[in-house]
Amino acid sequence: MAIGKTLLTTCTLMIIGFMTTTQPQNVVSLEIDVKSFGAVGDGITDDSLAVAQAWDAACSSTGQFKLSAGNFVVQPLSFSGPCKAPTVVVTVVGTLEAPPKNKWINNTDTWLNFQHIDNLVITGPGRFDGEGQSGWWDSCKQTKTCENNPTALGFHNCNGLNLTGVTSINSPKNHISINGCNGAIISNISITAPKESPNTDGIDISDSSGVHVTGGNIGTGDDCIAINGGSFNITVDGLFCGPGHGISVGSLGRNGATEIVSNVTVAGITFSDTQNGVRIKTVPGGSGSASLITFSNIQMRCVQHPIILSQFYCPHIDPTECKDNPPVVEISGVTFMDINGTSSTPDAIDINCSKNPKTCAGITLERINIQPINSSVKVASTCKNTQARIMGPVFPPVLCTQPSFIMMLLDLDYNKKTVHEIATN
């Protein structure tokens, strides 16, 4: 009996061991790889069809899409939902590369467009290469506008978006557009374009709420982050910005539009060698409001214009046409707090409000210390048409006075002038 029990136990253990060793061989991966649909990834072959087919398969089944190692050239594509799985995971290991400008087939405003996909997760460490240097930027500089250039990555109506650990380089225009996306998290991403590349914003946010951008590095030829109309409850923190034009709320009110932004927190940011630091900009003739905005715990390193609040942003037009005419996008409840570092120009603090009564109120400057980058620069402040509240030491000192001129900052030079700062009486 003892021998029988021993043999039975031994056989049972062998069967269990056999099942254990053979089971993983029968497991089917849930990830749908673009290479399974014929994508080559050699940096030459057009892999558009294979990538599109792989997405359709993933969206209609497991919701797990993989761009494996390789360099996949794709024409403009649209990744549309809703998908079958409650969460869609896109794992980017290799590189998606746009074709050069002269080989684009579709006339579209976005290269890779993700739309109507809830709980979309896109994770790195791969990258997206927009090939902006292939002629897109040159056409911008010639025509003084980039309106016809495409955005690299567009996210429209993607609630619960989670974009993390990816890299975007050399977009034709802005790198990432977040539109109509509530509860989005963008974390630890890298966005890069040359300092002189026009209108290559890092992240543009519009008509969205509950967006949190945290960590990462953004260095481009325009705003690191632009927070536009219809944006509420936006948080940006732990970010390195530079080069570029800083972090902006606006511009708001272009072409007479009514736009509202509220409850914005920008904290723990380092700006290095940027044109601007923290900025609010509105366009005369527009309406709406920008309210409850806080910039805090900011480090400035060799920034041309560290703090700007202007209701006179008139891009790409003759500065003499930038008039203080109603209506006005109202600004209220703005705090600049714990901002330190260096300015490379005299214009360390510029608060330039409209003469129209009650359109610029509740401005607070608290514990600010902006020193010149070297002894050849003397920093100063400007404050017009508002009664700013000064708390704690603020340097350079801020004294609000009546306006003597309009200051505007141009993203692109006007009439080939070499300076970006123009003052008119």
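The values are calculated or read from the model by the stated rules, or taken from the named source; none is laboratory data. Since we're looking at a predicted model, the values are computed, not measured. Counting neighbours? That spans all protein chains shown, and the Cβs are built from the backbone with ideal geometry, glycine included. To get the accessible areas, we keep the full protein, side chains included, count just its heavy atoms, and leave off ligands, DNA and RNA. Shrake-Rupley method; radii C 1.70, N 1.55, O 1.52, S 1.80 Å.
Scan F336, F295, F312 and give me the residue that is surrounded by 17 or more Cβ atoms within 10 Å (Cβ to Cβ), touching a residue at least 24 places away in the same chain (Cβ under 8 Å), touching a Leu at 6+ places or on another chain (Cβ under 6 Å) and within 29 Å of I368 (Cα to Cα).
The conditions single out F336.
Of all strands (runs of 3 or more DSSP E) completely enclosed by the range 336-425, which ones contain at least 1 residues that are modelled with pLDDT of 95 or more, among the acidic types (D, E) and farther than 24 Å from I317 by Cα?
360-372
Quick one: in the range 26-45, of everything that is among the β-branched types (V, I, T) and open to solvent by 80 Å² or more (accessible area, probe 1.4 Å), which residue is modelled with the highest pLDDT?
I44
Among (1) within 18 Å of P82 (Cβ to Cβ); (2) within 15 Å of the chain's Cα centre (by Cα), which single condition is Q115 missing?
For Q115, the failing item is (2).
Among the listed residues S168, S187, identify the single one that is buried (at least 18 other Cβ atoms within 10 Å of the Cβ) and under 13 Å from the mean Cα position of the chain (by Cα).
Only one candidate qualifies: S168.
Tally up the residues in the range 115-153 that are in a loop (DSSP other than H, G, I, E, B) and surrounded by fewer than 21 Cβ atoms within 10 Å (Cβ to Cβ), please. Steps first, please.
Filtering the range 115-153 for residues in a loop (DSSP other than H, G, I, E, B) gives 116-119, 124-126, 130-131, 135, 144-150.
In the following step, the residues that additionally are surrounded by fewer than 21 Cβ atoms within 10 Å (Cβ to Cβ) were identified as 116, 118-119, 124-125, 135, 144-145, 147-148.
Matching residues across the range 115-153 total 10.
Go through (1) under 25 Å from S187 (Cα atoms); (2) in contact with a helix residue (DSSP H, G or I) (Cβ under 8 Å, 6 or more places away or on another chain) one by one and return the number of the condition G285 breaks.
The single condition G285 does not satisfy is (1).
When you check G242 against the structure, is it open to solvent by 10 Å² or more (accessible area, probe 1.4 Å), over 18 Å from P194 (Cβ atoms) and either at pLDDT 95 or above or over 12 Å from the mean Cα position of the chain (by Cα) (or both), yes or no?
Details: open to solvent by 10 Å² or more (accessible area, probe 1.4 Å): yes; over 18 Å from P194 (Cβ atoms): no; either at pLDDT 95 or above or over 12 Å from the mean Cα position of the chain (by Cα) (or both): yes.
No, not satisfied.
Within the range 339-364, count every residue that is touching a residue at least 40 places away in the same chain (Cβ under 8 Å) and either open to solvent by less than 40 Å² (accessible area, probe 1.4 Å) or within 16 Å of T382 (Cα to Cα) (or both).
Qualifying residue count, the range 339-364: 18.
Determine which member of the set N228, N263, N255 is over 25 Å from V377 (Cα atoms), modelled with pLDDT under 95 and open to solvent by 20 Å² or more (accessible area, probe 1.4 Å).
When all the criteria are applied, what remains is N255.
Kindly indicate whether I176 is modelled with pLDDT of 95 or more, open to solvent by less than 40 Å² (accessible area, probe 1.4 Å) and either acidic (D, E) or in contact with a Ser or Thr (Cβ under 8 Å, 6 or more places away or on another chain) (or both).
Considered against the rule, which asks whether it is modelled with pLDDT of 95 or more, open to solvent by less than 40 Å² (accessible area, probe 1.4 Å) and either acidic (D, E) or in contact with a Ser or Thr (Cβ under 8 Å, 6 or more places away or on another chain) (or both), I176 comes out as yes.
Return the pair list, or none, for Cβ contacts closer than 6 Å from residues in the range 158-181 that are under 19 Å from G124 (Cβ atoms) and among the small types (G, A, S) to residues that are open to solvent by 10 Å² or more (accessible area, probe 1.4 Å) and part of a loop (DSSP other than H, G, I, E, B), at least 6 apart or on different chains.
G160/D118; G160/N119; G160/G183; G165/G124; G165/P125
Touching a Lys or Arg at 6+ places or on another chain (Cβ under 8 Å), under 22 Å from H116 (Cβ atoms) and open to solvent by less than 60 Å² (accessible area, probe 1.4 Å): which single residue out of S61, S48 fits that description?
S61
Determine if the range 191-203 includes at least one residue that is open to solvent by 10 Å² or more (accessible area, probe 1.4 Å), closer than 26 Å to G81 by Cβ and of a type in the set (V, I, T).
No, the range 191-203 contains no residue that is open to solvent by 10 Å² or more (accessible area, probe 1.4 Å), closer than 26 Å to G81 by Cβ and of a type in the set (V, I, T).
Does L96 qualify as being more than 26 Å from the chain's Cα centre (by Cα) and not in a loop (DSSP other than H, G, I, E, B)?
Considered against the rule, which asks whether it is more than 26 Å from the chain's Cα centre (by Cα) and not in a loop (DSSP other than H, G, I, E, B), L96 comes out as no.
Looking only at the range 204-219, count every residue that is open to solvent by 10 Å² or more (accessible area, probe 1.4 Å) and under 14 Å from F155 (Cα atoms) and tell me the total.
Qualifying residue count, the range 204-219: 4.
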